[in-house]
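Reading through the structure tokens given below for one structure.
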Amino acid sequence: MKKSIIFILIITIFNFSCNEKIEERHWDKIPRGRLLTDSEFFDLIDYDYFKNEKIQLALEKKDTLLAKKEIIKYFNTRTTSKYFFNAKSIKESVKDFVNRYPLEKNEILARSDEYINTYGGDVNWILPSKDLIGRQQNPNTIRFLARQSIAWDIAMSYHLTNKIGYLSIFLSQIRDFIDDYESGRTEAGRNDVFERFYAGHRLRNLLMVHNSLLSSPDYNFNDQIFMIKVFLLHGARLYDSCKKFHWGNHQLHGLAGLYEMTIMYPEFTVMNNWNDRAKEVIMEHISTEIKPDGFQFERASHYFKLDILNYFRISQISKLNNITLDNLFLSRFKKMFDAILKLSMPNKNLPVLQDAQDEYNSTKLNTDNRFNQLSSNNIAELKDPSESSYMSLGTLIFNEPIYRFFADDIFPHEFYWFFPKERIASYKKINTKIPEIKSVSLDSSKYYVMRSGWGIDDLYMVIDGGLAKYKPDHTHGGILGIIAYANGEVILPNYRVRYSSPSYRTMKNSLVKNVAICDNILQGKDWISNHARTGFGIWDKLPKPTVDLWYTGSDFDIFSGTHNGYSEIGVDYSRSVIFFKPDSWLIIDKFKSNDYHKYQQIWQGEYQIDFKKNSIFSKNFKSKFSIMQADPSAMNITNKKNYEKHSVIFEKEGFKDYSFYTLITPMGSKDNKIPQISLFERSNYLQVKTEFNNKIYYYYEKKNYDIKLDELNTDATQVLVLYENNLLKSSLFVNGSYARLNKSNLVFDKSINVNYFNNRE
């Protein structure tokens with residue numbers, strides 16, 4: 001009896017599974033390994049969309065040629081699905097583009113010609129292979145070709161010159177791609193040409209080209225039918241890989257392409273299902289991957305900006321077609337521009353956070369090297385528009401004057417084709433407003449920004465207090481590291497990376513970061529190279545950070561955090577950063593252990609070393625600044641060089657416990673005096689005194705007992721005091737309940753752990 005029940009249950013499950021597959025095949029009849037045949041193509045059309053019966057009549061007469069002409073006539077005359085621009089006015093738009101951006105014409109033609117001369121129309125989509133000039137292609141070549149990133153340049157070259165050769169080479173390459181794919185001569189596996197990232201980019205690029213050509217007599221109905229079949233193949237492959245949510249920007253690129261295509265071709269029976277699924281998973285991405293503070297979950301500035309492009313295109317194509325997106329989508333999308341605002345340096349650029357890709361060798365026309373761009377090993381990397389271009393985009397979308405402060409004077413050419421001319425004309429009418437926000441935290445992304453203002457010479461620092469929980473592929477060994485800016489330049493940099501470069505692993509780890517380490521042990525451990533052989537890789541182990549304190553006020557900012565990077569060898573580590581506004585930063589790196597170790601501080605840049613004062617001074621910077629140790633005892637100070645990147649390492653060896661108290665002071669052109677720092681230590685407290693111009697800053701640190709001095713009596717663990725022109729101006733107490741300062745009792749707010757007192761007259 002039991003066996004019969006089990007048998008029946010198995011049969012039931014099998015039948016359900018089969019029915020589910022049959023039901024899916026019923027609406028999704030698109031083959032995955034080839035283009036649709038003509039009969040399959042017409043069978044996929046929902047004829048309820050059409051107002052006449054010409055297509056059906058043609059098919060009843062088996063006049064496929066007429067049916068193709070009629071369907072293309074319908075697609076080219078419909079007004080329901082709207083693209084970013086109107087093909088009927090493309091020549092007028094091209095003229096307007098050239099008038100607005102006169103330098104771009106030669107750039108576009110140069111890139112197109114270089115690409116055509118390098119690859120032609122018969123492309124090798126599989127390895128091993130060579131390009132037209134005899135060079136071996138590599139996985140990065142396939143990544144570049146698979147995205148069809150130059151397709152729009154080729155289409156623009158056709159529109160700019162009216163030379164049919166550009167259109168012919170474009171169509172030849174796409175037909176070659178399909179022929180090679182159908183015959184198994186394209187990359188599969190890890191470098192699959194239909195990988196979501198590649199296919200999503202390619203689909204959107206092809207949609208741009210296709211829609212620009214619809215009014216061209218050189219782009220006939222057969223070409224158009226072919227291209228729509230290409231779109232449907234891409235849609236099918238992307239749908240298969242995007243049914244369920246997967247962390248990362250790769251799937252989002254695929255979803256964005258899929259969504260855009262479903263909006264443009266609702267006439268096919270598969271589109272409702274594809275569109276529903278795309279919208280659902282897109283919402284999962286923006287709700288989980290874009291943090292409440294607006295930054296992207298991978299915490300990398302490059303990928304954050306790529307996501308803005310994805311969500312922008314999704315938002316814009318929806319708006320054009322009167323599709324209402326979820327309020328969460330719209331709010332998170334706007335917060336992405338707010339995140340740029342919060343993180344921007346005084347020069348209005350984002351700092352290099354985690355994997356921020358290097359530039360192409362050149363995107364400019366260079367007569368001395370015709371293959372300047374495409375000869376680079378960095379060929380597969382995407383070049384970001386500038387932050388000002390993104391903020392120009394945000395300005396126009398949201399009509400936001402604060403964004404205008406960061407934006408270009410002229411609306412950027414990268415986004416010209418996504419808006420009507422009238423809308424772009426309104427850009428100049430949007431006023432500019434200087435942001436009021438200064439020091440700020442991105443709480444969910446764990447970036448902490450200290451700034452003195454928005455002038456080009458103001459001071460700025462960002463502290464990395466986080467770690468990507470999911471998919472930390474782009475995370476560097478720079479936990480609790482800092483990036484600093486002053487007097488018009490980055491003085492303590494992080495560096496861009498190049499996936500295809502041998503330097504990539506080094507450029508991701510601690511030696512090229514502004515961090516502290518122990519026993520020469522770098523933060524990133526156990527490197528894992530990617531299977532696609534594109535140079536990309538990740539760290540298997542990275543320290544886990546914890547943020548203990550963040551406070552910002554008018555005279556002081558303070559950050560404190562720890563990480564467990566050295567817990568396996570019995571070393572506890574913490575870093576505090578104190579901003580003496582607007583003059584300097586005090587960096588406190590604490591190491592504690594039951595054994596003896598070597599402790600090191602790393603500072604990026606090339607410096608002159610003063611061994612007597614344990615200080616270094618800027619050398620090859622426009623800005624003058626110093627990095628000074630409060631500890632006067634002898635320490636090792638060495639210059640290092642990694643892949644042309646200079647750094648200086650301060651080192652103390654043979655200690656169980658040791659703390660670096662380090663003063664970083666940018667000096668303006670009018671600052672002739674060198675800053676001073678001194679350390680005074682007793683059994684119950686430690687004092688660091690810094691002097692610069694007419695200000696004296698005191699930092700007190702509680703040890704075993706309450707701090708009891710003539711001028712100060714408190715149980716606070718940390719105290720900051722500012723004197724200006726010998727007058728007490730302000731003070732700050734951390735984790736205290738009482739204090740007497742300069743014979744005055746201070747009243748604490750016991751509900752908070754940081755109490756600030758302003759003594760300014």
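What follows is calculated from the coordinates using simple rules that are stated; it is not laboratory data. Not measured: the values here are computed from a predicted model. So basically every Cβ, Gly included, is an ideal-geometry build from the backbone, and we count neighbours across all protein chains shown.
Taking the charge dipole of the chain about its Cα centre, with +1 at Lys and Arg Cβ atoms and -1 at Asp and Glu Cβ atoms, the residue from 522, 148, 415 reaching farthest to the positive side is 415. Taking amide H atoms as placed 1.01 Å from N in the peptide plane, the amide H of residue 754 lies under 5 Å from those of 735, each 5 or more residues away in sequence or on another chain. Of the GluC sites (Glu not before Pro) in the stretch 638-702, the ones in a loop by DSSP (not H, G, I, E or B) with at most 13 other beta carbons within 10 Å are 644.
Averaging the sequence gap over all C-alpha pairs within less than 8 Å and six or more residues apart, then dividing by the number of residues, gives the stretch 31-289 a relative contact order of 24 percent. Taking every full run of DSSP H in the chain, the ones that stretch at least 18 Å from end to end by Cα along their long axis and average -1.0 or higher on the Kyte-Doolittle scale are 2-27, 64-77, 164-182, 196-213, 221-241, 249-264, 301-320, 327-343. A helix-only calculation puts the chain at -11000 deg cm²/dmol for mean residue ellipticity at 222 nm, using -39500 (n - 2.57) for each DSSP H run of at least four residues, averaged over all residues. Across all C-alpha atoms in the stretch 628-678, the radius of gyration and Dmax reach 14.1, 42 Å. Let's test the formula: R0 of 25 Å, r as the Cβ-Cβ distance of residue 107 and residue 425. What FRET efficiency results, to the nearest 0.05? Step by step, r from the Cβ atoms, then E = 0.60. Packing around the peptides 56-62, 262-268, 693-699, taken as the average count of other Cβ atoms within 10 Å per residue, puts them in this order, highest first: 262-268, 693-699, 56-62. Relative contact order, whole percent, for the stretch 440-673 stands at 16, derived from Cα pairs under 8 Å and 6 or more residues apart.
Working ranking of peptides 745-756, 451-462 by packing, defined as the average number of other Cβ atoms within 10 Å per residue, highest first, is 451-462, 745-756.
Measuring between their Cα centroids, the stretch 184-237 and the stretch 56-116 lie 14 Å from each other.
Taking a ≥ b ≥ c as the square roots of the eigenvalues of the alpha-carbon gyration tensor, the stretch 426-565 is classed prolate because a/c is 1.5 or more and a/b outweighs b/c. Backbone geometry of the stretch 640-656 corresponds, through the Karplus equation with coefficients 6.51, -1.76 and 1.60 at θ = phi - 60°, to 3J(HN,Hα) couplings of 10, 8, 10, 6, 6, 9, 8, 7, 10, 10, 8, 9, 10, 10, x, 10, 7 Hz, x marking Gly and Pro.
In the distance distribution for the stretch 31-289, Cα-Cα pairs more than 29 Å apart total 34 percent.
Around the Cα centre of the chain, unit charges on the Cβ atoms of Lys, Arg, Asp and Glu (plus for the first two, minus for the last two) sum to a dipole of about 200 debye. Taking a ≥ b ≥ c as the square roots of the eigenvalues of the Cα gyration tensor, the stretch 440-673 is rounded, since a/c falls below 1.5.
Our coupling estimate for the stretch 511-527, obtained by passing each phi through the Karplus curve with A = 6.51, B = -1.76, C = 1.60 and θ = phi - 60°, is 4, 10, 10, 9, 9, 10, 9, 10, 6, 6, 7, 7, 5, x, 10, 6, 5 Hz, Gly and Pro reported as x. Across the chain, Cα pairs under 8 Å and at least six residues apart give a relative contact order of 7 percent. Radius of gyration over Kirkwood radius for the chain, both on Cα atoms: the Rg/Rh ratio is 1.04. Annotation: extensible slack from residue 713 through residue 283 equals 149.3 nm (criterion: 0.36 nm per residue apart, minus Cα-Cα distance).
Please check which bits of the stretch 416-451 a label hung off residue 91 would reach, taking the label as a point 7 Å along Cα-to-C-beta and the cut-off as backbone N under 20 Å. So the set is 421. When the listed pairs 291/598; 433/581; 544/750; 619/729 are checked against a 26 Å cut-off, the alpha-carbon distance exceeds it for 291/598; 544/750; 619/729.
Computed about the Cα centre, the dipole magnitude for the stretch 31-289 is approximately 260 debye when only Lys and Arg (+1) and Asp and Glu (-1) carry charge, each at its Cβ. Farthest toward the positive end of the dipole of the stretch 440-673, out of 494, 563, 456, is the Cα of 494, where the dipole comes from beta carbon charges about the Cα centre.
Quote the Stokes-Einstein diffusion coefficient, in whole µm² s⁻¹, for the stretch 623-719, based on the Kirkwood radius over alpha carbon pairs, a temperature of 25 °C and a viscosity of 0.890 mPa s. It comes out at roughly 155 µm²/s.
If you take the square roots of the eigenvalues of the alpha-carbon gyration tensor of the stretch 675-761 and sort them as a ≥ b ≥ c, do you get rounded (a/c under 1.5), prolate (a/b over b/c) or oblate? Because a/c hits 1.5 or more and a/b fails to exceed b/c, the stretch 675-761 counts as oblate. Ranked for footprinting exposure by Cβ neighbours inside 10 Å, fewest first, 269, 534, 475 give 269, 534, 475.
Cα centroid distance between the stretch 554-617 and the stretch 423-493, in Å? Taking the Cα centre of each part, the stretch 554-617 and the stretch 423-493 sit 21 Å apart. Peptides 284-291, 324-331, 609-616 ranked from most to least packed, by the mean per-residue count of other Cβ atoms within 10 Å: 284-291, 609-616, 324-331.
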